[in-house]
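The values are calculated or read from the model by the stated rules, or taken from the named source; none is laboratory data. Computed from a predicted model, the values in this text were never measured in an experiment. When we count neighbours, we look across all protein chains shown, and the Cβ atoms used for this are built from the backbone with ideal geometry, even at glycine. SASA here: full protein model, heavy atoms, side chains in, ligands and nucleic acids out. Shrake-Rupley method; radii C 1.70, N 1.55, O 1.52, S 1.80 Å.
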Amino acid sequence: MAPRPRRRRHKKSSSSVAPTAVTQPTAVTPVPLTLSKPGPSIDALGFYSLDNNVPGLSQLILQKLNMKSYEEYKLVIDGDTPVSGFGFRCPREMFQKMEDTFRFCAHCRALPNGLSDSKVLRRCKRCRNVYYCGPECQRSDWPAHRRVCQELRLVAVDRLMEWLLVTGDFVLPAGPWPWLPEVVEGWDTWFSMRRLQLDAILAAVLGSHAMTTLWASAGRPRPDPDVLQDSLKRLLTDVLSRPLTLGLGLRALGINVKKTGGSTVHVVGASHVETFLTRPGDYDELGYMFPGHLGLRIIMVGVDVATGFSQSTSTSPVEPGTVQLSGHRGLYHNFWEEQVETGQTAHPDLVVAFHPGFHASPDLMEAWLPTLLLLRDYEIPTLMTVYSHQELAASLQILVDLDAHIIAYGANPFSSLKPEQVYSNPNKQPVYGSAYYITFLGSSCQLDKRQLEEKVDGGD
């Protein structure tokens, strides 16, 4: 009988956690989104936290989008509520409005409406990303800005190029891997494997009408072809980082993907942006990573899962060689009680959390605690990712305090290569999606008890 998840006061583990080395044609079937009780919106908490560094920034962003609240914005994006005035007359207006949301002084944090008549926000000519209200602020800020200026230049290009993914004008490489999966250990080998196909795709995108229209509307000069090509590659890694990181977890934790009935992965804490922009084909690459698999179910669970994510009338079970995506809106421990324990949803072979962020605030930790205890007590193989080494250290400490048995942690070979600007603090070092990973299984207490039982059995 499986142990019940329990709430209790946890003692800090006295044992240290050492790094552990990790040995390193698909169809996608969408199935319906299911609903559960709502929980705290992590996306909304993150949005309004922008005001901590730049007071009024959240309202400036909503104003540029003709929105009254973040919740209204999400409803419109999901297609639930039409709002008068939302939308753009042309691409040029859209890109200008988007750029306006970054217009605040990086040094004194002044917004446009807070400037005197004699001041105007001007962009750094090197990175074309951050703004200053005058020469004094720019000079004072240079010691901090010089460390990130070149990286923020990449961010500014990627921010515009991302539109080609939204419109579908940049199509990802597809098809079975021509190399043995075990040879592909990270991006270097992945790019080598896909080189011929990718070269043709990149050349077509660079010469496309969509690319010409984008830069004619962007309000800035078009960069050189090699700059644009590098940006497309970074965007590609950002899209494929999640499915390939799922594959890393399946590999590292020894999950059998050839068991009858298929394998199930639960993605917990799934965000609105993650699910709203995810297309079924984005996870094809996971299937190609495991040729001969007998079906992979990917169920994304979170309070911010997009309404229209993977909705379909199809209720057919997962079939060999297919990757099936579905979504469930709600907290994971509620989803477990309502769907998994009742047998309506398959028990997970692996649970993955991309950037859970429970280290960041007491509110998030409170929301995540029941799920972390459930994963630990049911001994479910779990992988989570974080943005930085600092987050890695903080998350590891929390898991150790919860007596979780850490299997491995380290740099993710399939981390996104697209730098992410800290919106309200642009001179903070950019981060990279899923830069580090942690895997854990069960609790250290359960492990100690099992070792003791084995020792006793061995002595009989």
How much of the accessible area of region 160-449, in percent, comes from carbon and sulfur atoms when a 1.4 Å probe is used? 55
Answer in debye to the nearest 20: the dipole magnitude of region 256-403 about its Cα centre, from +1 Lys/Arg and -1 Asp/Glu charges placed on Cβ, is 460
Extension length gain for Asp199 and Lys259 (0.36 nm per residue less Cα distance), in nm, is 18.0 nm
For region 160-449, the charge dipole (Cβ of Lys, Arg +1; Cβ of Asp, Glu -1; about the Cα centre) points to a positive end, and the Cα of Leu206, Leu417, Thr278 closest to that extreme belongs to Leu206
31 Å Cα-Cα threshold exceeded, pairs from Lys259/Lys418; Lys68/Lys428; Lys119/Lys233; Lys68/Lys233; Lys258/Lys418; Lys119/Lys418: Lys259/Lys418; Lys119/Lys233; Lys68/Lys233; Lys258/Lys418; Lys119/Lys418
In region 160-449, what % of DSSP beta bridges are antiparallel (nearest 5)? 40
Please name whichever of Leu196, Pro430, Leu441 sits farthest to the positive end of the charge dipole of region 160-449, dipole taken about the Cα centre and charges placed at Cβ: Lys and Arg +1, Asp and Glu -1. Leu196
Per-residue accessible area for Arg251 at 1.4 Å probe radius, Å² rounded to 10? 40
Compute the length gained on full extension between Val120 and Glu337: take 0.36 nm times their separation in residues and subtract their Cα-Cα distance, giving the result in nm to one decimal. 72.6 nm
Using a 1.4 Å probe on the protein heavy atoms only, what accessible surface does Ser444 show? Give it in Å² to the nearest 10. 20
So for Trp163, Trp336, Trp177, what's the accessible-area order with a 1.4 Å probe, most first? Trp163, Trp177, Trp336
What number, in percent, do you get for the relative contact order of region 160-449 if the mean sequence gap of Cα pairs under 8 Å and at least 6 apart is divided by its residue count? 17
Hey, got the dipole for region 160-449? About the Cα centre, +1 on K and R Cβ, -1 on D and E Cβ, debye to the nearest 20? 540
Estimated inter-spin distance, Asp401 and His347, nm [label 7 Å along Cα→Cβ]: 3.1
The alpha-carbon center of region 380-423 and that of region 195-239 are separated, in whole Å, by 31
Could you size up the charge dipole of region 190-276 around its Cα centre, putting +1 on the beta carbon of Lys and Arg and -1 on that of Asp and Glu, and report it in debye to the nearest 20? 340
